[in-house]
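Here the structure is laid out as structure tokens; the discussion comes afterwards.
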Amino acid sequence: MQRPLKLIIFAGVALVLFYFVQDALFNDDNYIKPLLKEREDKDLSFRSRTNSPFDDAGRRAFKNLVYYEPNLAYRVQAKIEKLAQQDTLLMPLTNGSYEPYLRYGVASFELQNESKKLTLYRKLSGEKEQLFVPFTDKTNGFETYGGGRFLDVPYEEDRKTVMLDFNRAYSPFCAYDPDYVCPVPPKDNRLDIAIPAGEKTYEKHE
């Protein structure tokens, strides 16, 4: 009669260990700290002369970018449907011109208990290592840049899934200086929900 009891205890311990290991994957050391370090590094780059969207006066006034608190609910695994015909889209730019991007595939995912899709793009003149995901959501013009935000996704040929980490959503350079020319997210990447994750609207300091 002891064996079933031992099995139950073993199963209970295994379940506890599973949840402990699962939590450990996303603790401060494994996810939050590297994310915050990325944000600190970006602030440093914006203060530099070579990687900043600001002029000299803007760099002197710059303190830091503003973000939502990291939220794992906005780090979602998406299924990739690679497009059989990867046609070229002339994506509009903020100055009225266009830039060619390849429509690579469609990422399907669940967010806020709803099914959503975003098209993944490749810049024709760029490297293969990243896919480009420009998108808009219901925070634009209120808490985030009105023109939408971007995600960069590591590129791997024939992969079936991709991680969309909206905690890493960032604003284009034209959010800080309208003289920059930036892509405008296309219609198929306009989400009808709010994504309170990633970078917020930058507020200039006098």
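Values computed for the structure shown
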read-out	value
Near-label residues of segment 101-117 by backbone N, under 16 Å of a point 7 Å along Cα→Cβ of residue 194	112-113
Segment 66-206 shape via C-alpha gyration tensor axes, a/c threshold 1.5	oblate
Partners for residue 42 among aspartates and glutamates (Cα-Cα distance below 14 Å; same-chain residues under 8 apart left out)	199
Lys pairs under 22 Å by Cα in segment 87-206, provided they are eight or more residues apart or on distinct chains	14
Ranked 45, 171, 115, criterion: other C-beta atoms within 10 Å, fewest first	115, 45, 171
Pairs of alpha carbons in segment 120-202 whose separation is greater than 21 Å (percent)	29
Rounded, prolate or oblate (a/c below 1.5 giving rounded, otherwise prolate when a/b exceeds b/c) for segment 106-157 by Cα gyration tensor	oblate
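Bear in mind that the values in this text are calculations on the coordinates, not laboratory data. Just so it is clear, the model here is predicted, and its values are computed rather than measured. Methodologically, a virtual Cβ is constructed for each residue, glycine included, from the backbone with ideal geometry; neighbour enumeration extends over all protein chains shown.
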